[in-house]
Ligand SMILES: [Zn+2]
């Protein structure tokens with residue numbers, strides 16, 4: 001059976017001299033692994049559309065759970081990433097999060113759009129990579145079923161407070177008047193930080209990167225998003241360690 005899907009290549013492994021396994025993030029089937037024959041030959045007509053992080057339209061032959069690449073047509077290549085090690089390693093981290101948390105052969109509506117929007121932002125570098133990383137971590141955590149509840153103080157339902165506290169374990173917020181005991185499962189949220197978090201979790205995916213935050217708040221947001229994602233996915237990511245090791 002032939003299937004045509006749009007997707008982004010989020011992993012690529014060489015097999016033999018000329019062949020590759022491609023991990024393709026799609027809306028319809030989640031992350032699928034496709035074998036691409038002859039893709040490393042200089043004459044391969046599909047090579048351009050099958051680079052790492054290429055956004056392409058793929059025609060695949062499907063047999064059982066196995067996919068083989070027939071042809072690919074490029075839509076967008078994000079090739080600016082290849083000259084920027086820091087941005088490339090952040091993209092690899094985003095890819096690892098999706099690869100290790102997505103269930104195969106299951107619809108993954110929204111993840112393709114999130115990945116496309118995120119690669120576009122880090123390729124263009126209109127926002128800092130610190131901001132891009134924080135936004136992706138918090139949004140992807142929400143999409144994986146760990147959406148924090150940032151609507152109001154869990155106890156008195158106030159929407160705004162000079163000091164709110166975020167609980168990492170439960171993902172709720174509570175105001176300074178209602179908090180009984182402060183321990184290290186909480187982080188303090190200033191009003192701009194809470195505003196940014198609400199924006200990331202509740203906005204349309206096309207807008208999530210479009211906000212400004214002072215660098216001190218951004219660093220807090222970055223630490224918070226990373227801790228929240230790692231806690232709820234209950235794992236470490238090698239690509240995150242690498243990104244943190246090369247970050248300027
Ligand atoms: Zn309260």
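Rundown of residues vs (1) buried (at least 21 other Cβ atoms within 10 Å of the Cβ); (2) within 27 Å of the chain's Cα centre (by Cα); (3) touching a residue at least 60 places away in the same chain (Cβ under 8 Å); (4) on the phi > 0 side of the Ramachandran plot, yes/no style:
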| site | (1), (2), (3), (4) |
| --- | --- |
| 161 | no, no, no, no |
| 170 | no, yes, no, no |
| 188 | no, yes, no, no |
| 200 | yes, yes, yes, no |
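Being in contact (Cβ under 8 Å) with a residue 24 or more places away in the chain and either touching a strand residue (DSSP E or B) at 6+ places or on another chain (Cβ under 7 Å) or under 20 Å from residue 108 (Cα atoms) (or both) is true for just one of 12, 45. Which residue is that?
Being in contact (Cβ under 8 Å) with a residue 24 or more places away in the chain and either touching a strand residue (DSSP E or B) at 6+ places or on another chain (Cβ under 7 Å) or under 20 Å from residue 108 (Cα atoms) (or both) holds for just one of 12, 45, which is 12.
Among the candidates 103, 92, 152, 132, which residue alone is over 19 Å from residue 200 (Cβ atoms) and not in a loop (DSSP other than H, G, I, E, B)?
On the way: 103 fails: not in a loop (DSSP other than H, G, I, E, B); 152 fails: over 19 Å from residue 200 (Cβ atoms); 132 fails: over 19 Å from residue 200 (Cβ atoms).
Matching residue, one of 103, 92, 152, 132: 92.
Got a number for residues in segment 156-179 being within 10 Å of residue 194 (Cβ to Cβ) and near the ligand (Cβ under 8 Å from one of its atoms)?
Residues that pass the stated criteria total 1.
Among 149, 204, which is surrounded by fewer than 19 Cβ atoms within 10 Å (Cβ to Cβ), in the same structural domain as residue 127 (by TED's automatic domain parsing), within 14 Å of the ligand (Cβ to nearest atom) and under 21 Å from the mean Cα position of the chain (by Cα)?
After ruling out the rest, the residue left standing is 149.
For residue 128, only one of the following conditions fails: (1) within 16 Å of the ligand (Cβ to nearest atom); (2) surrounded by fewer than 20 Cβ atoms within 10 Å (Cβ to Cβ). What is its number?
Condition (1) is where residue 128 drops out.
Any chance segment 228-247 includes a residue that's farther than 21 Å from residue 130 by Cβ and in the same structural domain as residue 99 (by TED's automatic domain parsing)? It would help to see each step written out before you state the result.
Here is the first cut: in segment 228-247, the residues farther than 21 Å from residue 130 by Cβ are 234-235.
Keeping just the survivors that are in the same structural domain as residue 99 (by TED's automatic domain parsing) gives 234-235.
Yes.
Return a yes/no flag: does segment 56-74 have any residue that is crowded, with 20+ Cβ neighbours inside 10 Å, modelled with pLDDT of 95 or more and within 26 Å of residue 204 (Cβ to Cβ).
Yes, the conditions are met somewhere in segment 56-74.
The values are calculated or read from the model by the stated rules, or taken from the named source; none is laboratory data. Because the structure is predicted, anything quoted here is derived from the model rather than measured. Neighbour counts run over all protein chains shown; Cβ positions are idealised from the backbone, glycine included.
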